[in-house]
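What follows is a set of notes on a single structure, which appears directly below.
The values are calculated or read from the model by the stated rules, or taken from the named source; none is laboratory data. All values derive from a computational prediction rather than experimental measurement. Cβ: placed from backbone, ideal geometry, glycine included. Neighbour counts: every protein chain shown. These area figures cover heavy atoms from the full protein model, side chains too; ligands, DNA and RNA do not enter into them. Shrake-Rupley method; radii C 1.70, N 1.55, O 1.52, S 1.80 Å.
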Amino acid sequence: MYTFVRDKVWNERPTYKKNLAEGIKIKPHHVDNPKVFDFIDFVVKLPRDNWIDTFKDSVELKEKLKIRLLSQAIERKKPLQPNLHNQTPPEPNFVGREEMLETITDWYDSPDVQIGALIGWGGFGKSALARKWYDSLKDNNIQPDGIFWWGFYRNPYLDRFLEALLEYLSQGMIDIQEIKTSWQRVEKIKKFITEGEYLIILDGLEEMQKKEHGEEFGKMQYQEFKEILTGIVDS
């Protein structure tokens with residue numbers, strides 16, 4: 001949140017407050033309602049978004065706002081530091097599978113591919129393959145705006161995953177604690193994920209799938225999770 005206050009209002013505020021503290025109630029010249037001063041005090045005391053800039057006239061306001069938005073856009077373009085949760089450690093004896101690694105790189109480079117899936121039974125080496133490819137990002141000149149890795153083997157909890165992913169994508173632009181339900185988090189994630197080029201690695205996804213054999217085997221346990229995956233494809 002950006003707050004701009006006309007300089008005459010800003011300069012009149014301490015005079016009004018000083019007189020009020022001494023029991024003298026004066027009528028401000030530059031505001032119609034003294035509650036404007038109370039609102040400024042409220043903004044100043046906020047734990048974040050509490051900076052205030054002053055302006056002389058509409059021309060200066062436009063210039064200051066233009067500079068502020070431009071600096072924000074530049075800041076948002078800087079790649080985010082990777083956010084890794086229970087990342088699979090490197091496999092010291094990893095050999096071969098060059099064709100598979102090249103296929104994953106082709107997936108990433110293709111504008112027609114939004115999701116690439118590594119499918120295989122437990123012990124096949126999907127996680128080791130994903131980690132090997134992750135370690136080759138620099139060599140392949142892959143530089144997304146952000147990287148998020150979530151390991152479901154050790155953390156198979158939907159709410160924790162949604163909260164962590166939303167916190168990473170939003171970068172402090174929203175208060176995570178105010179997003180109460182998992183569906184609200186999903187909707188926010190779908191919005192933020194379209195604002196950049198992100199690499200999201202979901203390791204151990206089978207922990208989120210139904211394990212009972214039958215027609216439901218392999219389907220997602222949570223509709224919210226399915227909504228995120230389909231939302232990524234649609235984006």
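Side notes on the structure shown:
- Between Phe161, Phe192, the distinction of being assigned to a helix (DSSP H, G or I), out of contact with any Gly (no Cβ under 7 Å at 6 or more places or on another chain) and within 28 Å of Thr103 (Cβ to Cβ) belongs to Phe161 only.
- Sole exception among (1) in contact with a strand residue (DSSP E or B) (Cβ under 8 Å, 6 or more places away or on another chain); (2) open to solvent by 70 Å² or more (accessible area, probe 1.4 Å); (3) touching a residue at least 60 places away in the same chain (Cβ under 8 Å); (4) not polar (S, T, N, Q) for Arg48, by number: (1)
- Leu137 surrounded by 11 or more Cβ atoms within 10 Å (Cβ to Cβ), over 19 Å from Ile232 (Cα atoms) and either over 20 Å from the mean Cα position of the chain (by Cα) or of a type in the set (Val, Ile, Thr) (or both): yes
- Within the span defined as the stretch 83-93, one or more residues are under 25 Å from Leu205 (Cβ atoms), of a type in the set (Asp, Glu), surrounded by 12 or more Cβ atoms within 10 Å (Cβ to Cβ) and out of contact with any Pro (no Cβ under 8 Å at 6 or more places or on another chain).
- Scan the stretch 51-70 for residues that are closer than 29 Å to Ile176 by Cα, open to solvent by 60 Å² or more (accessible area, probe 1.4 Å) and touching a residue at least 12 places away in the same chain (Cβ under 8 Å) and the total you get is 3.
- Scanning the stretch 166-189 for residues that are more than 20 Å from Ile142 (Cβ to Cβ), open to solvent by less than 70 Å² (accessible area, probe 1.4 Å) and part of a helix (DSSP H, G or I) yields Leu166, Ser170, Ile176, Ser182, Arg185, Val186, Ile189.
- Matching residues, the stretch 1-26, being among the charged types (D, E, K, R) and open to solvent by less than 70 Å² (accessible area, probe 1.4 Å): Asp7, Glu12, Arg13
- Residue satisfying all of: in the stretch 104-142; among the charged types (D, E, K, R) and in a loop (DSSP other than H, G, I, E, B); farthest from Pro92 (Cα to Cα) among these: Asp112
- Residue check for Lys211: surrounded by fewer than 18 Cβ atoms within 10 Å (Cβ to Cβ) and either in contact with a Gly (Cβ under 7 Å, 6 or more places away or on another chain) or more than 22 Å from Asp49 (Cβ to Cβ) (or both): yes
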